[in-house]
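Shown next, in structure tokens, is the structure this report addresses.
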Amino acid sequence: MLNNESPLEMKRRPFVKKMIGGGLLMSPMMGTQDLARVFAQENLSCQQYTWFTFFRREKKEWVENLDHSFASLRRAGFQMFEPTFENVADVNAIRDLVAKHEISVKSFYVNSVLHDPADVSESMDLVVSIGEAARKLGAEIIVTNPSPIQWGGPENKSDKQLIHQAQSLEKLGKELKSIGLTLAYHNHDAEMREGAREFHHMLSTDPDYVSLCLDAHWIYRGSGNSSVALFDIINLYRDRIVELHLRQSKRGTWTETFGVGDIDYSRLAEDLSKHQMKPLVVMEQAVEEGTPHRLHSIEALSASRVNATYTFQNLLH
């Protein structure tokens, strides 16, 4: 056994050796790109925000050289990618590149403004137009986080605004379903304030039109770092989960790689497997102030991918 191996690493090593065919002895830093190639066939996607934060730490931008960016994604072993689109031009900008690098786009993320009647119609039209363009890439799931009154601000929406937002979300989901897309509601921490009234009211909508992208760590953090709250929500809304966003932390701070930490992801994986659910699994490990900086972005995300593949192996086949 290597010094300072985590419990996850101790269990992961036999799994990796089995996948490779036996005989590979790893050190914690050895062979991440080789391992990435081994697991490249697995059905695990990666969110654009992950690369945005890791690249920014290295004084780079995801959009400054998209060809290089997608090459980095493939070097980390990912064949699936969840882009963030702000307009149809963003969709068109990656069309040739995802084909060149043999990357599939099963899901994508958009923002929307659904609480203010003055903005809803324009926002919904934009989201639908992006959805129509993304369908040509093969997308099936559209993830949206209805915008707060102010990003990072303390303001909470009124009951009237929440009622209007839920009605608009359901209407949007119905329109998107008509063009072959599943709408998945997503939240950050703000929606968990005041008894999670915003989060819960968005899921009072018709499940035929509004599904759930479970972002476990934002629910955990928004509930005061509570695993109790996270797993209560999973019990309440399990049947609506069509996608997972994965991020880990230790003592509340995002870790550099996905693995053992504050959230018991093995329990989450076992719960979904027990109920025969196989949502799309999307890696969204990211960095923030206090996150260790020991690895290059490709090394870190390769390691995260291997650990996530082990943890969620029953959902990825």
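The values are calculated or read from the model by the stated rules, or taken from the named source; none is laboratory data. Predicted model, so just to flag it, every value in this text is computed and none were measured. Every residue, glycine among them, receives a Cβ derived from its backbone with ideal geometry; neighbour counts consider all protein chains shown.
Restricting the search to region 288-313, which residues are part of a helix (DSSP H, G or I), under 15 Å from THR50 (Cα atoms) and more than 15 Å from the chain's Cα centre (by Cα)?
Residues of region 288-313 that are part of a helix (DSSP H, G or I), as a first pass: 297-311, 313.
From what is left, the residues that are under 15 Å from THR50 (Cα atoms) are 297-305, 308.
Scanning region 288-313 gives SER297, ILE298, GLU299, ALA300, SER302, ALA303.
Taking the residues in region 141-159 that are part of a strand (DSSP E or B) and aliphatic (A, V, I, L, M) as candidates, determine which candidate is surrounded by the most Cβ atoms within 10 Å (Cβ to Cβ).
My answer is ILE142.
Within region 263-284, how many residues turn out to be farther than 15 Å from MET80 by Cα, out of contact with any His (no Cβ under 8 Å at 6 or more places or on another chain) and either β-branched (Val, Ile, Thr) or not in a helix (DSSP H, G or I) (or both)? Full working, then the answer.
Initial filter on region 263-284 (farther than 15 Å from MET80 by Cα): 263-278.
Imposing the further condition that a residue be out of contact with any His (no Cβ under 8 Å at 6 or more places or on another chain) reduces the set to 264-278.
Narrowing the set further to residues that are either β-branched (Val, Ile, Thr) or not in a helix (DSSP H, G or I) (or both) leaves 264, 275-278.
Residues in region 263-284 being farther than 15 Å from MET80 by Cα, out of contact with any His (no Cβ under 8 Å at 6 or more places or on another chain) and either β-branched (Val, Ile, Thr) or not in a helix (DSSP H, G or I) (or both): 5 in total.
Can you work out which of the residues in region 157-189 that are among the polar types (S, T, N, Q) and in contact with a helix residue (DSSP H, G or I) (Cβ under 6 Å, 6 or more places away or on another chain) is nearest to THR205 (Cα to Cα)? Quick ask: steps written out before the conclusion?
Start the filter on region 157-189 by keeping residues that are among the polar types (S, T, N, Q), which leaves 158, 161, 165, 167-168, 178, 182, 187.
The next check asks that each one be in contact with a helix residue (DSSP H, G or I) (Cβ under 6 Å, 6 or more places away or on another chain); those that pass are 168, 187.
Working: SER168: 10, ASN187: 15 Å.
That would be SER168.
For every residue, the table says whether it meets (1) surrounded by fewer than 20 Cβ atoms within 10 Å (Cβ to Cβ); (2) not in a helix (DSSP H, G or I).
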| position | (1), (2) |
| --- | --- |
| ARG193 | yes, no |
| ALA196 | yes, no |
| PHE199 | no, no |
| ASP206 | yes, yes |
| CYS213 | no, yes |
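What are the residues in region 115-163 that are in contact (Cβ under 8 Å) with a residue 40 or more places away in the chain, under 22 Å from GLN48 (Cβ atoms), touching a strand residue (DSSP E or B) at 6+ places or on another chain (Cβ under 7 Å) and not polar (S, T, N, Q), if any? Write out each step before concluding.
Here is the first cut: in region 115-163, the residues in contact (Cβ under 8 Å) with a residue 40 or more places away in the chain are 115-117, 120, 124, 127-137, 139-146, 148, 156-157, 161-162.
So of that shortlist, the ones also under 22 Å from GLN48 (Cβ atoms) come out as 127-137, 139-146, 148.
Checking the rest, the ones that are also touching a strand residue (DSSP E or B) at 6+ places or on another chain (Cβ under 7 Å) come to 127, 130-131, 134, 139-146.
VAL127, ILE130, GLY131, ALA134, ALA139, GLU140, ILE141, ILE142, VAL143, PRO146, listed by residue number.
Looking at (1) crowded, with 22+ Cβ neighbours inside 10 Å; (2) not in a helix (DSSP H, G or I), can you tell me which one ASN225 breaks?
(1)
Return the residues of region 226-264 that are touching a Gly at 6+ places or on another chain (Cβ under 9 Å) and either of a type in the set (Ser, Thr, Tyr) or on the phi < 0 side of the Ramachandran plot (or both); say none if nothing qualifies.
Those that are touching a Gly at 6+ places or on another chain (Cβ under 9 Å) and either of a type in the set (Ser, Thr, Tyr) or on the phi < 0 side of the Ramachandran plot (or both): ALA229, GLN248, SER249, LYS250, THR253, TRP254, THR255, ASP262.
Run down LEU8, LEU73 and say which single residue is of a type in the set (A, V, I, L, M, F, W, C), surrounded by 14 or more Cβ atoms within 10 Å (Cβ to Cβ) and at pLDDT below 95.
So the residue among LEU8, LEU73 that is of a type in the set (A, V, I, L, M, F, W, C), surrounded by 14 or more Cβ atoms within 10 Å (Cβ to Cβ) and at pLDDT below 95 is LEU8.
Residues LEU162, LEU176, LEU169: which one is in a helix (DSSP H, G or I), more than 23 Å from the chain's Cα centre (by Cα) and buried (at least 16 other Cβ atoms within 10 Å of the Cβ)? It would help to see each step written out before you state the result.
On the way: LEU176 fails: more than 23 Å from the chain's Cα centre (by Cα); LEU169 fails: more than 23 Å from the chain's Cα centre (by Cα).
Residue meeting the stated conditions: LEU162.
Being among the aromatic types (Phe, Trp, Tyr), in contact (Cβ under 8 Å) with a residue 24 or more places away in the chain and either surrounded by fewer than 21 Cβ atoms within 10 Å (Cβ to Cβ) or touching a Cys at 6+ places or on another chain (Cβ under 7 Å) (or both): is that true of PHE81 here? Spell out the reasoning first.
Working: among the aromatic types (Phe, Trp, Tyr): yes; in contact (Cβ under 8 Å) with a residue 24 or more places away in the chain: yes; either surrounded by fewer than 21 Cβ atoms within 10 Å (Cβ to Cβ) or touching a Cys at 6+ places or on another chain (Cβ under 7 Å) (or both): yes.
Criteria met by PHE81.
Residues GLY195, GLY261: which one is over 17 Å from the mean Cα position of the chain (by Cα), of a type in the set (Gly, Ala, Ser) and within 23 Å of CYS46 (Cβ to Cβ)? Lay out the reasoning, then the answer.
On the way: GLY195 fails: within 23 Å of CYS46 (Cβ to Cβ).
Among GLY195, GLY261, only GLY261 is over 17 Å from the mean Cα position of the chain (by Cα), of a type in the set (Gly, Ala, Ser) and within 23 Å of CYS46 (Cβ to Cβ).
What about ALA134, is it buried (at least 19 other Cβ atoms within 10 Å of the Cβ) and either of a type outside the set (Asp, Glu) or assigned to a helix (DSSP H, G or I) (or both)?
Values: buried (at least 19 other Cβ atoms within 10 Å of the Cβ): yes; either of a type outside the set (Asp, Glu) or assigned to a helix (DSSP H, G or I) (or both): yes.
Taking the combined requirement at face value, the residue satisfies it.
So the check is Cβ under 7 Å with 6+ separation or different chains; which pairs have a first residue in region 221-239 that's in contact (Cβ under 8 Å) with a residue 12 or more places away in the chain and a second one that's hydroxyl-bearing (Ser, Thr, Tyr) and in a helix (DSSP H, G or I)?
That search, which allows pairs on different chains as well, returns SER227/TYR220; LEU230/TYR220.
Quick one: LYS59 ticks every box in (1) at pLDDT 95 or above; (2) under 25 Å from HIS293 (Cα atoms); (3) part of a helix (DSSP H, G or I) bar one, so which box is it?
With respect to (1) at pLDDT 95 or above; (2) under 25 Å from HIS293 (Cα atoms); (3) part of a helix (DSSP H, G or I), LYS59 is out only on (3).
Looking at ALA118, ALA99, can you tell me which residue is over 28 Å from ALA196 (Cβ atoms) and out of contact with any helix residue (DSSP H, G or I) (no Cβ under 9 Å at 6 or more places or on another chain)?
Numbers: ALA118 fails: over 28 Å from ALA196 (Cβ atoms).
On inspection, the qualifying residue turns out to be ALA99.
Among (1) surrounded by 15 or more Cβ atoms within 10 Å (Cβ to Cβ); (2) out of contact with any Asp or Glu (no Cβ under 9 Å at 6 or more places or on another chain); (3) polar (S, T, N, Q), there is one condition SER107 misses while meeting the rest; what is its number?
Among (1) surrounded by 15 or more Cβ atoms within 10 Å (Cβ to Cβ); (2) out of contact with any Asp or Glu (no Cβ under 9 Å at 6 or more places or on another chain); (3) polar (S, T, N, Q), the lone unmet condition for SER107 is (2).
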